[in-house]
Amino acid sequence: MRIYRKEADEVQLIAFPDEHVQKGDYFVIEDPAQSRGLLVQAIDLQYANVPGVLEDILRDVMTDGELSGEDVDPLNISSQVDALKDTRLAVCKIRGTIAQDGSLSPSTSWLPSRTASKIRPYAVNRLIMNGGKMPVKLGHNDGEPISVDASGLDGGLNIITGRKGSGKSHLAKLLLLSIAGWGAPCIVLDVNGEYINLHKSKDGRQSSARLTVLGPRSGLNFSMAKLGLRTVAGVLSHALDLPATSSKVFTTIWKDLEARGDLTLPTVIQAVQSWSCHDSVREALTSRLQVLMESGLFDEANPLTEERILHTIEGGGVLVVNLKNQSQIVRRILVEIFLGELTKRRKRTCTCAILTGMILLRG
Amino acid sequence: MQSLRGSTLNPRTVSLVDMGLDDGDSEEQLEIGASSIAMGLKRNPINPLRESVPIAACDASSVKIGETETGMIFAIRAVAVWRQPDRIAFTRWGPLLFHIPNSDGHQEKYRDDESRAFGGLSVKTLRVLTKLRNHVERWVQEELAMSVKDGVVLFDGSLTAGTPDNPSSRVQRILSTARNNNSIVIALSKSTQLTVGGKNILGFFDAERIPHIIDITSVVENEYPAYPIRFLGRVCVSKLSPDGFLFRTDIDRDADEQQALVALGRIAGTDVIFHGYPETLRIAHIFSTFTANEILAVQRFVASNHHVSLQARPNLRRSLFGPFGTSRYVA
């Protein structure tokens with residue numbers, strides 16, 4: 001194989017017919033001069049755009065019908081012609097850089113030598129950080145146990161992708177229970193309601209996981225004052241598309257009510273009705289605040305406090321927010337609320353445990 | 001080519017536009033006197049004859065593969081095509097590779113100002129290449145002349161011979177073999193340098209719509225000495241279909257006018273005529289032509305089998321003149 005070109009985070013490799021390449025395969029492009037290798041994964045296979053191939057094919061087509069013949073090719077150059085026709089282009093995504101010691105880093109912005117580099121297949125199980133400080137057992141591959149280091153998942157965005165039925169949910173649940181077992185606080189935004197029985201096994205036995213399931217009108221209530229201006233404004237803007245002009249007016253109203261110690265959703269709605277502002281602003285605010293009211297997420301009398309959430313998830317607890325059968329709007333509002341609250345918490349907290357949390361967005 | 005081991009090859013670039021050497025259509029320019037045309041040459045209509053006769057055609061082409069330290073590598077290929085009642089068969093020979101050295105110790109034979117005159121090829125290289133290609137093509141023509149009976153054998157080019165690159169004895173032998181098999185040889189040229197008053201002769205007769213043939217042998221011969229150039233065929237201009245182009249058509253001299261008309265009628269009636277050009281000959285040309293992919297494959301073959309390293313030298317013209325630095329004559 002040879003490097004053809006690199007564009008952004010993609011590398012195109014020329015693969016000859018005798019070189020086995022499949023979509024999904026990993027390769028490492030080792031540059032001896034730089035003592036490192038670029039780890040790439042084939043995401044697409046195409047025919048190499050060799051000049052004259054179309055003419056060759058058109059000419060070959062002529063022999064499919066009434067035209068037949070014989071090639072006297074003493075040097076067997078036709079085999080080279082066919083090899084060129086079958087040459088493929090593997091479009092690969094750059095996944096990272098493998099250092100000389102075998103460690104993987106996310107660096108993708110360097111160029112390996114086109115002429116001196118060697119390209120070889122890379123076994124995908126080498127990417128799995130077997131063992132580690134906090135091993136999470138995933139199963140077996142070819143008889144060998146496979147585990148990942150839970151501490152390696154920390155601090156970054158981890159995405160599980162795969163086709164339908166390939167085991168994404170199963171893997172996610174396995175990871176969730178494992179890292180909860182390691183004491184990490186976990187929050188799950190469960191779109192399909194498939195995590196609500198996570199603490200029970202197939203045969204009905206309970207696992208040791210501390211699971212709390214809440215949902216709209218089922219223990220999951222918030223108060224405006226407890227959420228704070230930033231979170232509520234974020235919900236109105238990002239989840240409900242409140243225009244910026246109206247958002248400024250809302251901020252003014254909020255501060256006014258907050259100063260008067262009368263900050264609840266009904267009082268906010270009332271204040272908006274009587275506020276001196278443009279009709280369109282009033283309408284924009286009223287309609288969105290009504291959506292919040294009807295969502296069933298706000299109960300000033302019995303709100304879910306931050307302390308209660310923390311108590312639920314501390315030391316390896318799992319809070320499952322059941323979003324099954326909820327509308328898109330409610331889901332978006334809840335995602336925005338949780339992101340806002342977690343952001344607030346991270347800003348306040350000076351030190352973090354190794355595993356600070358796991359949010360699963362399923363769906 | 002064994003001596004190339006370990007050397008370097010500067011491969012030619014391949015593109016769909018600038019592709020290759022001529023394949024033997026060249027002929028010398030000949031000005032025919034206008035008075036000859038004024039004499040009024042006879043136009044004979046060609047009537048398509050639906051008689052199924054064997055029609056065979058052949059063609060050869062050559063292409064430069066690259067430059068070595070000591071010369072150039074060329075590839076030659078030849079094709080023979082037979083049209084039969086129920087099918088069309090072909091045999092293709094090649095690519096055959098040749099390394100033509102720059103020097104054979106007889107450089108004083110060639111003028112310095114002629115070097116690199118022909119698309120980057122020296123006169124000597126061009127002559128050697130032409131000789132080789134002609135040799136291969138004539139060999140295939142001999143095979144056809146021997147194998148086709150009671151039919152028509154089509155060549156690409158003309159039946160003009162007599163140069164060292166194209167000895168007349170060989171062409172005569174081919175024509176004789178064909179005659180012995182009761183076949184007639186007809187050569188079609190896709191282009192001609194025959195002119196009248198500076199205007200290409202094909203332009204004088206293009207207006208006529210019906211298939212026809214005009215014998216201009218007497219006119220042409222008057223302009224040439226008897227030797228060394230010999231017109232082994234009768235030089236004609238023909239149009240094989242109403243919508244077709246005119247082509248210079250050389251027909252075996254031994255065939256009389258009537259036989260020639262019958263042969264052309266059989267071609268017009270048996271073969272598919274594509275813009276005035278017989279399909280059998282067209283297929284021969286298509287199959288003998290090298291595509292860019294094939295040139296790359298040959299370069300690859302040379303590099304791997306003869307342990308030659310490919311080192312593309314920068315194209316000086318492109319470096320200096322950018323997109324204006326191409327020559328359509330560069331091989």
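Against chain A, whose longest principal axis comes from its Cα atoms, helix A:244-259 is set at around 40 degrees. Across A:Val335, A:Val318, A:Val91, mean-square fluctuation computed from a Gaussian network of chain A (C-alpha pairs under 10 Å connected) peaks at A:Val91. In the assembled protein chains, A:Ile329 presents an accessible area of approximately 60 Å² (probe radius 1.4 Å). Can you give the angle from 0 to 90° between the axis of helix A:265-274 and the longest principal axis of chain A, with both taken from C-alpha atoms, to the nearest 10? Compared with the principal axis, the helix lies near 80 degrees. Its Cα centre serving as origin, segment A:173-325 has a Cβ charge dipole (Lys and Arg +1, Asp and Glu -1) of approximately 420 debye. Which is farthest toward the positive dipole end of the protein assembly as shown among A:Leu153, A:Leu67, B:Leu41, measuring Cα position about the Cα centre, with Cβ charges +1 (Lys, Arg) and -1 (Asp, Glu)? Comparing the listed Cα positions along the dipole, A:Leu153 ranks first. From the cross-link list A:Lys200/A:Lys324; A:Lys23/A:Lys173; A:Lys23/A:Lys164; A:Lys137/A:Lys344; A:Lys168/A:Lys200, which pairs have alpha carbons spaced over 25 Å apart? Over 25 Å Cα-Cα: A:Lys23/A:Lys173; A:Lys137/A:Lys344. With a 1.4 Å probe, how much accessible area is buried between chains B and A, both sides summed, in Å² to the nearest hundred? So the total buried area for this chain pair works out to about 2500 Å². Any idea what angle helix A:168-181 forms with the longest principal axis of chain A, computed on alpha-carbon atoms, 0 to 90 degrees, nearest 10? Taking the Cα atoms of chain A, the angle to A:168-181 is about 60 degrees. Peptides B:59-72, A:27-40 ranked from most to least packed by the mean count of surrounding Cβ atoms within 10 Å: B:59-72, A:27-40.
Across peptide A:50-59, the average count of Cβ atoms from other chains found within 10 Å of a residue's Cβ is 6. Listed by chain and number, the lysines whose C-alpha is less than 27 Å from the C-alpha of B:Lys64, apart from same-chain residues fewer than 8 away, are A:Lys85, B:Lys109, B:Lys124, B:Lys131, B:Lys190. The slack in the chain from B:Asn200 to B:His135, taken as 0.36 nm per residue of separation less the alpha-carbon distance, amounts to 20.5 nm.
Take each residue in B:288-299, count the other chain C-beta atoms within 10 Å of its C-beta, and the mean is 6.
Protection proxy ranking of B:169-182, A:186-199, by the mean of other Cβ atoms within 10 Å over each peptide's residues and highest first, is A:186-199, B:169-182. If a spin label sat at a point 7 angstrom from the Cα of B:Thr217 along the line to its beta carbon, the backbone N atoms of segment B:256-300 nearer than 19 Å would be those of B:256-267. Counting only heavy atoms of the protein chains and using a 1.4 Å probe, A:Leu75 has close to 60 Å² of accessible surface. If amide hydrogens are placed 1.01 Å from N in the peptide plane, which non-local residues have theirs closer than 5 Å to the one on A:Arg210? HN-HN under 5 Å from A:Arg210: A:Val318.
Take A:Val320, A:Val53, A:Val291 and sort them by solvent-accessible surface of the protein heavy atoms, 1.4 Å probe, largest at the top. Write out the running numbers ahead of the final one.
Working: A:Val320 0, A:Val53 25, A:Val291 50 Å².
The ordering from most to least exposed comes out as A:Val291, A:Val53, A:Val320.
Here the dipole of chain A is about 1940 debye; that uses its Cα centre as origin and unit charges on the Cβ of Lys and Arg (positive) and Asp and Glu (negative).
In terms of solvent-accessible area of protein heavy atoms at a 1.4 angstrom probe, what is the ranking of A:Met1, A:Met224, B:Met1, highest value first?
My answer, sorted largest first, is B:Met1, A:Met1, A:Met224.
Entry note, the protein assembly as shown: the mean residue ellipticity at 222 nm calculated from DSSP H runs of n ≥ 4, each adding -39500 (n - 2.57), is -9000 deg cm²/dmol after division by the residues and rounding to the nearest 500. Once the Cα-Cα distance is subtracted from the 0.36 nm per residue extended length, the A:Lys133 to A:Asn49 segment shows a gain of 25.4 nm. Working from label points 7 Å from Cα in the Cα-to-Cβ sense, the B:Ser147 to B:Phe324 distance is 5.2 nm.
Taking all protein chains together and a 1.4 Å probe, the residues A:Trp275, A:Trp254, A:Trp182 rank A:Trp182, A:Trp275, A:Trp254 from largest to smallest accessible area.
Per residue of peptide B:89-97, the mean number of Cβ atoms on other chains within 10 Å of the residue Cβ is 5.
The values are calculated or read from the model by the stated rules, or taken from the named source; none is laboratory data. Since the model is a prediction, treat every value here as computed from it, not as a measurement. Quick reminder, even Gly has a Cβ in these numbers, built from the backbone with ideal geometry, and neighbours come from all protein chains shown. Side chains are part of the model used for accessible areas, which takes the heavy atoms of the whole protein and leaves out ligands, DNA and RNA. Shrake-Rupley method; radii C 1.70, N 1.55, O 1.52, S 1.80 Å.
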